Amino acid sequence: MSLKGKVYTKFIMAINRIVKESFKPNREYNNINDIDLTEIKKLKSEYGIGGMIIDVDGTILHELEHIPTSVLKTLKLLNQEFKIYLVSNNKNKRIAEFAKKIGIGYMPFAFKPRRKPFIKASFEMGLDPENVMVVGDGFLTDILGGQRMGMVTGVVKDVDDEPER
């Protein structure tokens, strides 16, 4: 990573710490796999969730080259229960191909927390923002962005990159 990239990353991490103290997500998860059938039922009944905007980096994967098998299973389950849209501030051709393969939308270079990617993803799913949940690891990008749109938010602490058991 370049010096510019390292400085940017440290800056974002510092801002995230500040924002984390100010913005509280509706739900907290150890990782994306905590959203199981029981949790899905709660999200539908308590919040009326019909769709999810899911961040990519730090939420479903650490490395651009490896999507854990457990995460693939979770995304397929979520895709059966909700409309799903992957939204990332980065670009990854492999994720775009994966999203297309399992029939979910994908938006690279989203520039979260701007409103436009959240509006576009909601529109693409055919849902009002209040019926969409944003799941991500970034308080500045995902949680703040979702809350600005009146969306339910869920933060993940880490990616499940354990080998399949």
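Counting other Cβ atoms within 10 Å, keep those with at most 12, restrict to DSSP loop, and tell me which GluC sites (Glu not before Pro) in region 1-68 are left. Numbers along the way, then the final one.
Numbers: sites: GLU21, GLU28, GLU39, GLU46, GLU63, GLU65; in loops: GLU63, GLU65.
Of the GluC sites (Glu not before Pro), the ones in loops of region 1-68 whose Cβ has at most 12 other Cβ atoms within 10 Å are GLU63, GLU65.
Within the chain, which complete DSSP H helices have Cα atoms spanning at least 18 Å along the helix axis and a mean Kyte-Doolittle hydropathy of -0.5 or higher?
Values: long enough: 3-22 (29 Å, 0.09); 69-81 (19 Å, -0.08).
Those that pass (Cα extent of 18 Å or more, hydropathy at least -0.5) are 3-22, 69-81.
Taking N as the number of residues in the chain, what is its alpha-carbon radius of gyration divided by 2.2 N^0.38 Å?
On the way: Rg = 14.9 Å, N = 165, 2.2 N^0.38 = 15.3 Å.
Working it through for the chain, the quotient is 0.97.
Would you mind counting up the charge near PHE118? Only other residues with Cβ under 13 Å from its Cβ, with Lys and Arg at +1 and Asp and Glu at -1. Don't skip to the end; give the middle numbers.
Numbers: positive: LYS112, ARG114, ARG115, LYS116, LYS120, ARG148; negative: ASP55, GLU124, ASP128, GLU130, ASP142.
Charge balance in the 13 Å sphere: +1.
Please give me, ordered by residue number, the trypsin sites (Lys or Arg not before Pro) of region 1-91 that lie in loop per DSSP and have at most 14 other Cβ atoms within 10 Å.
Numbers: sites: LYS4, LYS6, LYS10, ARG17, LYS20, ARG27, LYS41, LYS42, LYS44, LYS73, LYS76, LYS83, LYS91; in loops: LYS91.
In loop regions of region 1-91 (DSSP not H, G, I, E or B), the sparsely surrounded trypsin sites (Lys or Arg not before Pro) are LYS91.
From the Cα gyration tensor of region 1-66, with a ≥ b ≥ c the square roots of its eigenvalues, which class applies: rounded if a/c is under 1.5, or else prolate if a/b is larger than b/c, or else oblate? It would help to have the intermediate numbers written out before the result.
On the way: a/c = 3.28, a/b = 1.75, b/c = 1.88.
Note, shape of region 1-66 comes out oblate.
Which longest run of the chain has no exposed loop site in it, a site being chymotrypsin sites (Phe, Trp or Tyr not before Pro) in a DSSP loop with at most 15 other beta carbons within 10 Å, and the site itself not part of the run? Don't skip to the answer; put the middle values down first.
Working: sites that count: PHE109, PHE111.
With chymotrypsin sites (Phe, Trp or Tyr not before Pro) excluded where exposed in loops, the chain gives 1-108 as its longest stretch.
At a 10 Å Cβ-Cβ cut-off, how would you order SER88, SER22, SER70, SER122, fewest neighbours first?
Working: SER88 24, SER22 9, SER70 18, SER122 21.
So the ranking, lowest neighbour count to highest, is SER22, SER70, SER122, SER88.
Computed from the coordinates by the stated procedures, all read-outs in this text should not be read as laboratory data. Keep in mind that this is a model prediction, so the values were computed, not measured. Positions of Cβ are backbone-derived with ideal geometry, glycine not excepted, and every protein chain shown enters the neighbour counts.
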